[in-house]
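Visitor: Dropping the structure in here first, questions after.
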Protein chains: 2
Amino acid sequence: MTTLPSLPRKVAVIGAGDIGCGWAALCASAGWPVTIYDSNALGLERAAVEVPRRARALVVLERATGGMVERGLHELHQGRSLLQAVKGADWVIEAITEDLTAKQWLFESVEPLIEPDALLTSSSSGVPPTQLFARCRRRDRCLVTHPLNPPELIPLVEVVPGTGTGASEVVRAQQYLRALGRMPVLLKKPAPGYVVGRIAAAVWRECIDLVVNGVVDVDDLDRAVSLGPALGWAAAGPHLTYHLAAGDGGVTLFLQRLLASFEDWWEHLATWHKLDPEQRRALTDGVQQAYSNKIEALREARDRRLSAILRALEQARTG
Amino acid sequence: MTTLPSLPRKVAVIGAGDIGCGWAALCASAGWPVTIYDSNALGLERAAVEVPRRARALVVLERATGGMVERGLHELHQGRSLLQAVKGADWVIEAITEDLTAKQWLFESVEPLIEPDALLTSSSSGVPPTQLFARCRRRDRCLVTHPLNPPELIPLVEVVPGTGTGASEVVRAQQYLRALGRMPVLLKKPAPGYVVGRIAAAVWRECIDLVVNGVVDVDDLDRAVSLGPALGWAAAGPHLTYHLAAGDGGVTLFLQRLLASFEDWWEHLATWHKLDPEQRRALTDGVQQAYSNKIEALREARDRRLSAILRALEQARTG
């Protein structure tokens, strides 16, 4: 077995949507050669503008250096075919829409084309790897590396190996991710939605329910979460938060004091698992009323806040 | 009716635990005269050390100025009795343990002692005001102002009026909170757990479930939430996050693409509402293993991260 270099000589990104463009911008910002491919020619054209835009935005946001970004963008290519896109790539990143059949089909068709040593990762946000890679032969090099949106800014990447994934490939994926400044978190076993999807789903169901039931408006709810629990959890995860919320007594004392409240709330939380048409209408109306249509400006402001928080956390950790 | 000054001339804090000390430190850091009272003499003695410590920590964390803090601490007193504590106070803050009977009893006994114009607020984290103030006569000046932990750092305060609360008292509470640099969010109607408790309960249930089921370890879960969704929600609340996660298509397109995933996850989320003894043991064991016992050091590091994030957000908003 040959020893592989610790960094990929080339990355192939399949899928030129938001997540694919994010991966490509992130890899380019590290100076890595990237080829992006999409079966939709319009999507691929959009990526030719969007990836450089997002990679250069990282310089303004102080998340990358101009020299490195330009070096990466110099070697950014659009694949003319799936075959040409993955040729010579050590790392093939799937980032197409969240559709199991489409993903399975892609993995089946791309597997014979990729290099024998290439790592093949899926950006799925919640499908267990066993299902995703069900039609692959070489499952030892297949795993999930699930980024959040936008991938070039949020450090967390969930690493979800399948039963057949090789231990060395899991290490290699984490190595690539760390080289990109990401924080890989390894799941010990998969669950539908992994970790993030489940927590996000639990939060969003309750947020939708509170808005639909007229407890709070969309923008007030967002403000409450941002400047309340999310701020707390960004500084200390949920378990640590409660461990620190009862003086020196830790989580044991916290449970003694507040478990009864939590048990009462658990009993009252929303339990529906289909969003009915009326809820859906109330939700989209509420969101559109709160945020009008200036999505680009809202996203830019969000990205400024995100990168400011990241810099602050880095300084607080080293300082 | 006399016009009340826009800032309280004196604040009384009833309850010298973590939340009471936090309120007192926050008010003192704004230069306001504060009297803190606790029926437990030991708790009150501890507050005499803890409130100045926490108020002065705000200076180190760049959340308050030294001059203002010392001015407030100069007028920080320990009440010798409930009557003496609330005498002359424009704002009486209840911050005793989360026990409905104890709170009801306190409100009943304190009501005849407070000034006719005083605002009376509860720090309850989830009990509807109608129950909290059930035994009060003058409910027009009673409402919930629920802070998070630590109250002197996290800006959000949930403002939950009861059916009998006067509109002018709601305005006044928000005015006081804004003067303390807090971000009041007004609930249109109460729900058990209000907004924050419900969302926190939804998150914590799933976090406990993921740990107990062996999907992820306590510290990895905390890291995943901190550097993943919490970071995102701190920069943009949940609804805005999903509104920005599907290009220019907004929440409507996001739902088209990902509602099926969310509906699948909603179906699979934890539904238990009692923490059984085995879960409880697994949780406390996991938390203690992850964080050992250095609670004070962990809290200091958390507070450094929290204040760094707050400064970053303020700069990103004004810059």
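The values are calculated or read from the model by the stated rules, or taken from the named source; none is laboratory data. This structure is a prediction, so every number in the text was calculated from the model and none was measured. Note that each Cβ is placed from the backbone with ideal geometry, even for glycine, and that neighbours are counted across all protein chains shown. Quick note on the areas: whole protein, heavy atoms, side chains included, nothing else; ligands and nucleic acids left out. Shrake-Rupley method; radii C 1.70, N 1.55, O 1.52, S 1.80 Å.
Visitor: Limited to segment B:243-257, what total is found for residues that are surrounded by fewer than 19 Cβ atoms within 10 Å (Cβ to Cβ) and either touching a residue at least 40 places away in the same chain (Cβ under 8 Å) or not in a loop (DSSP other than H, G, I, E, B) (or both)? I'd like the intermediate steps shown before the answer.
Guide: Taking segment B:243-257 and keeping what is surrounded by fewer than 19 Cβ atoms within 10 Å (Cβ to Cβ), we get B:247-249, B:252-253, B:256-257.
Still in the list and also either touching a residue at least 40 places away in the same chain (Cβ under 8 Å) or not in a loop (DSSP other than H, G, I, E, B) (or both): B:248, B:252-253, B:256-257.
Qualifying residue count for the region: 5.
Visitor: Further question on the same structure: Taking the condition of being within 7 Å of another protein chain (Cβ to nearest Cβ) and open to solvent by 80 Å² or more (accessible area, probe 1.4 Å), how many residues in segment A:307-319 meet it?
Guide: The initial filter retains those residues of segment A:307-319 that are within 7 Å of another protein chain (Cβ to nearest Cβ), namely A:308-309, A:311-313, A:315-316.
Subset that is open to solvent by 80 Å² or more (accessible area, probe 1.4 Å): A:315.
Number of matching residues: 1.
Visitor: Considering segment A:209-220 alone, what residues qualify as being more than 8 Å from chain B (Cβ to nearest Cβ) and either crowded, with 24+ Cβ neighbours inside 10 Å or part of a loop (DSSP other than H, G, I, E, B) (or both)?
Guide: Passing the criteria: none in range.
Visitor: Let me ask you something else. Is there a residue being buried (at least 18 other Cβ atoms within 10 Å of the Cβ), among the aliphatic types (A, V, I, L, M) and closer than 16 Å to B:Pro238 by Cα anywhere in segment A:284-292?
Guide: yes
Visitor: Now for a different question. With respect to the numbered conditions (1) in a loop (DSSP other than H, G, I, E, B); (2) buried (at least 24 other Cβ atoms within 10 Å of the Cβ), which one is the sole condition not fulfilled by A:Ala224?
Guide: (1)
Visitor: Looking for something more than 21 Å from A:Leu269 (Cβ to Cβ) and either touching a helix residue (DSSP H, G or I) at 6+ places or on another chain (Cβ under 9 Å) or open to solvent by less than 50 Å² (accessible area, probe 1.4 Å) (or both) - is there at least one such residue anywhere in segment B:260-273?
Guide: no
Visitor: A further question on this structure: Can you report the number of residues in segment A:227-237 which are part of a helix (DSSP H, G or I) and touching a Lys or Arg at 6+ places or on another chain (Cβ under 7 Å)?
Guide: 1
Visitor: Mind checking which residues of segment B:175-208 are more than 7 Å from every other protein chain (Cβ to nearest Cβ), at pLDDT 95 or above and either surrounded by 19 or more Cβ atoms within 10 Å (Cβ to Cβ) or in a loop (DSSP other than H, G, I, E, B) (or both)?
Guide: The answer is B:Tyr176, B:Leu177, B:Leu180, B:Gly181, B:Arg182, B:Pro184, B:Tyr194, B:Ile208.
Visitor: From the list A:Leu240, A:Leu275, pick out the single residue that is part of a helix (DSSP H, G or I) and at pLDDT 95 or above.
Guide: The unique qualifying residue is A:Leu240.
Visitor: Among A:Glu314, A:Glu296, which is the only one that is closer than 17 Å to B:Arg317 by Cα and at pLDDT below 95?
Guide: Only one candidate qualifies: A:Glu296.
Visitor: Return the pair list, or none, for Cβ contacts closer than 8 Å from residues in segment B:211-226 that are in contact (Cβ under 8 Å) with a residue 12 or more places away in the chain to residues that are polar (S, T, N, Q), at least 6 apart or on different chains.
Guide: Final answer for the pair search is B:Val212/B:Gln279; B:Val218/B:Gln289.
Visitor: Against the definition (at the interface with chain A (Cβ under 7 Å from one of its Cβ atoms), of a type in the set (Ser, Thr, Tyr) and surrounded by fewer than 20 Cβ atoms within 10 Å (Cβ to Cβ)), how does B:Thr163 come out, yes or no?
Guide: Here the answer is no, as B:Thr163 does not meet what is asked.
Visitor: Can you tell me how many residues within segment A:134-168 are within 17 Å of A:Ala102 (Cβ to Cβ), out of contact with any Leu (no Cβ under 8 Å at 6 or more places or on another chain) and not charged (D, E, K, R)?
Guide: Looking only at that region, the number is 2.
Visitor: For segment A:293-312, give me each residue that is part of a helix (DSSP H, G or I) and out of contact with any Leu (no Cβ under 8 Å at 6 or more places or on another chain).
Guide: Result: A:Glu296, A:Ala297, A:Glu300, A:Ala301, A:Arg311, A:Ala312.
Visitor: In this structure, is B:His239 over 25 Å from A:Pro184 (Cβ atoms) and facing chain A (nearest Cβ under 7 Å)?
Guide: Here the answer is yes, as B:His239 does meet what is asked.
Visitor: Looking at (1) buried (at least 24 other Cβ atoms within 10 Å of the Cβ); (2) over 11 Å from the mean Cα position of the chain (by Cα), find the lone condition where B:His146 falls short.
Guide: (2)
Visitor: Something else now. Among (1) more than 7 Å from chain B (Cβ to nearest Cβ); (2) out of contact with any His (no Cβ under 9 Å at 6 or more places or on another chain); (3) at pLDDT 95 or above, there is one condition A:Gly286 misses while meeting the rest; what is its number?
Guide: (2)
Listed here are the residues, each with its yes/no results for (1) in contact with a strand residue (DSSP E or B) (Cβ under 7 Å, 6 or more places away or on another chain); (2) surrounded by fewer than 16 Cβ atoms within 10 Å (Cβ to Cβ); (3) assigned to a loop (DSSP other than H, G, I, E, B); (4) acidic (Asp, Glu).
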{"residue": "B:Leu7", "(1), (2), (3), (4)": "no, yes, yes, no"}
{"residue": "B:Ala12", "(1), (2), (3), (4)": "yes, no, no, no"}
{"residue": "B:Gly20", "(1), (2), (3), (4)": "yes, no, no, no"}
{"residue": "B:Cys27", "(1), (2), (3), (4)": "yes, no, no, no"}
{"residue": "B:Leu42", "(1), (2), (3), (4)": "no, yes, no, no"}
{"residue": "B:Arg53", "(1), (2), (3), (4)": "no, yes, no, no"}
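Visitor: Sticking with this one: Counting just the residues of segment B:93-132 that are in a loop (DSSP other than H, G, I, E, B) and over 19 Å from the mean Cα position of the chain (by Cα), which one comes out surrounded by the fewest Cβ atoms within 10 Å (Cβ to Cβ)?
Guide: Here the answer is B:Pro116.
Residues checked against (1) among the basic types (Lys, Arg); (2) without any contact (Cβ under 8 Å) to a residue 24 or more places away in the chain; (3) within 7 Å of another protein chain (Cβ to nearest Cβ); (4) touching an Asp or Glu at 6+ places or on another chain (Cβ under 7 Å):
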{"site": "A:Glu263", "(1), (2), (3), (4)": "no, yes, yes, no"}
{"site": "A:Asp276", "(1), (2), (3), (4)": "no, yes, no, no"}
{"site": "A:Arg302", "(1), (2), (3), (4)": "yes, yes, yes, no"}
{"site": "A:Arg305", "(1), (2), (3), (4)": "yes, yes, yes, no"}
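Visitor: So, one more: Considering only segment A:68-80, state which residues are closer than 19 Å to A:Gly43 by Cβ, open to solvent by 40 Å² or more (accessible area, probe 1.4 Å) and either part of a loop (DSSP other than H, G, I, E, B) or of a type in the set (A, V, I, L, M, F, W, C) (or both).
Guide: Selection gives A:Arg80 alone.
Visitor: Follow-up question, since we're still on this one. Of the residues A:Glu98, A:Glu62, A:Glu70, A:Glu45, only one is of a type outside the set (A, V, I, L, M) and under 25 Å from A:Pro129 (Cα atoms); which?
Guide: Just a single option satisfies the conditions, and that option is A:Glu98.
Visitor: To continue, here is another question. Take B:Glu152 and decide whether it is in a strand (DSSP E or B), buried (at least 24 other Cβ atoms within 10 Å of the Cβ) and acidic (Asp, Glu).
Guide: No.
Visitor: Another question about this same structure. Residue under question is B:Arg223, and the condition is that it be in contact with a helix residue (DSSP H, G or I) (Cβ under 6 Å, 6 or more places away or on another chain) and at the interface with chain A (Cβ under 7 Å from one of its Cβ atoms); does it hold? It would help to see each step written out before you state the result.
Guide: Values: in contact with a helix residue (DSSP H, G or I) (Cβ under 6 Å, 6 or more places away or on another chain): no; at the interface with chain A (Cβ under 7 Å from one of its Cβ atoms): yes.
No, not satisfied.
Visitor: Taking the stated definitions as given, is A:Gly31 away from every other protein chain (no Cβ under 14 Å), closer than 21 Å to A:Ala179 by Cβ and surrounded by fewer than 23 Cβ atoms within 10 Å (Cβ to Cβ)? Spell out how you get there, then give the answer.
Guide: Details: away from every other protein chain (no Cβ under 14 Å): yes; closer than 21 Å to A:Ala179 by Cβ: yes; surrounded by fewer than 23 Cβ atoms within 10 Å (Cβ to Cβ): yes.
Spelling it out, A:Gly31 is indeed away from every other protein chain (no Cβ under 14 Å), closer than 21 Å to A:Ala179 by Cβ and surrounded by fewer than 23 Cβ atoms within 10 Å (Cβ to Cβ).
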